[in-house]
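Below: one structure, written as structure tokens.
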Amino acid sequence: MLLYFKPGACSLSARITLTELKIPFESVEVLTEKGTTIDGRDYRAINPKGYVPALEIQPGIIVTENPAILQYLADLQPQAGLAPVAGTLERIRLQEWLNFTSSELHKAFAPWFSGRSLEEGEQSRAETILARRLDDVERGLSDSRPFIMGEAFTIADAYLFVVLNWAGFISFSLARWPTVADYIARIAARPTVRAALVAEGLLQEEAAQ
């Protein structure tokens, strides 16, 4: 398999999942601003949408959209338990969290990654929207469950962690959401997550040991 990624972007959740499942893969960094891969290829010829992730599962067969990629990977090894069985209510709950992370939480961080400085009014509005979405996650974790689906790590955690972790990149304090902050720290401590962070240059190898 070949993962097209951008360091720290939502594609990191696919890397975490591949690492959790011990699936051999290669990866190619994408320079999304230029629309090329790190080795100079036109990325839109690979994924016309222009963003990451994209996963080449066989030569010439590309899967896009993070929820689809993560579920595809989890279903390759159902015994690993990274996704409930398709057709169950638990699988629907997983899809709820994947879609929330993709459509609502991810979108709430978008203003900080627009490539320009936010004006004062924009900053305030963006912070209000992000706070609402963090409230949603805090409630989802409020019954002291270690992971967003309960007692077991799933692909929903791989995705949710990556997006929540952007709070650190934009210096957004999580003091109002201690359960969320604890959750991020707990997921970040997983060896597979640390290995994925090292692979993307987001964590020094010495710090991961």
- Over the chain, the sum of -39500 (n - 2.57) across DSSP H runs of at least four, divided by residue number and rounded to 500 deg cm²/dmol, gives at 222 nm -13500 deg cm²/dmol
- Looks like the range 67-107, by Cα gyration tensor root eigenvalues a ≥ b ≥ c and the a/c under 1.5 rounded cutoff (else prolate when a/b is bigger than b/c, oblate otherwise), is oblate
- Roughly what would the spin-label model give for F169 and A185, points 7 Å off Cα along C-beta, in nm? 2.3 nm
- Quick one, can you get me the convex hull of the C-alpha atoms of the chain expressed as volume per residue in Å³? 132 Å³
- If each Cα of the range 2-87 is one equal point scatterer, what is log10 of I(q)/I(0) from the Debye formula at q = 0.18, 0.25 Å⁻¹? -0.73, -1.26
- Give me D for the range 137-209 in µm² s⁻¹, whole number, from Stokes-Einstein with Rh from the Kirkwood sum over alpha-carbon pairs, 20 °C and 1.002 mPa s. 167 µm²/s
- Ignoring ligands, DNA and RNA, what percent of the accessible area of the chain is carbon or sulfur (1.4 Å)? 53 percent
- Query: Going from the alpha-carbon gyration tensor of the range 105-161, what semi-axes, largest first and in whole Å, does one get by taking the root of 5 times each eigenvalue?
  - Reply: 28, 13, 5
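Which GluC sites (Glu not before Pro) does the range 81-143 hold that lie in a coil by DSSP with at most 14 other beta carbons within 10 Å?
Answer by residue number: E119.
If you keep only loop residues by DSSP, which trypsin sites (Lys or Arg not before Pro) in the range 17-55 have at most 16 other Cβ atoms within 10 Å of their Cβ?
Taking the range 17-55 and a limit of 16 other Cβ atoms within 10 Å, the loop trypsin sites (Lys or Arg not before Pro) found are K22, K34, R41, K49.
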- Loop-located trypsin sites (Lys or Arg not before Pro) in the range 130-204, at most 12 other Cβ atoms within 10 Å (DSSP): R176
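The values are calculated or read from the model by the stated rules, or taken from the named source; none is laboratory data. Just so you know, these numbers come straight off a predicted model, no measurement behind them. A quick note on method: Cβ atoms are made from the backbone with ideal geometry, for glycine too, and the neighbour counts reach across all protein chains shown. These accessible areas exclude ligands, DNA and RNA; they are computed on the full protein's heavy atoms, side chains included. Shrake-Rupley method; radii C 1.70, N 1.55, O 1.52, S 1.80 Å.
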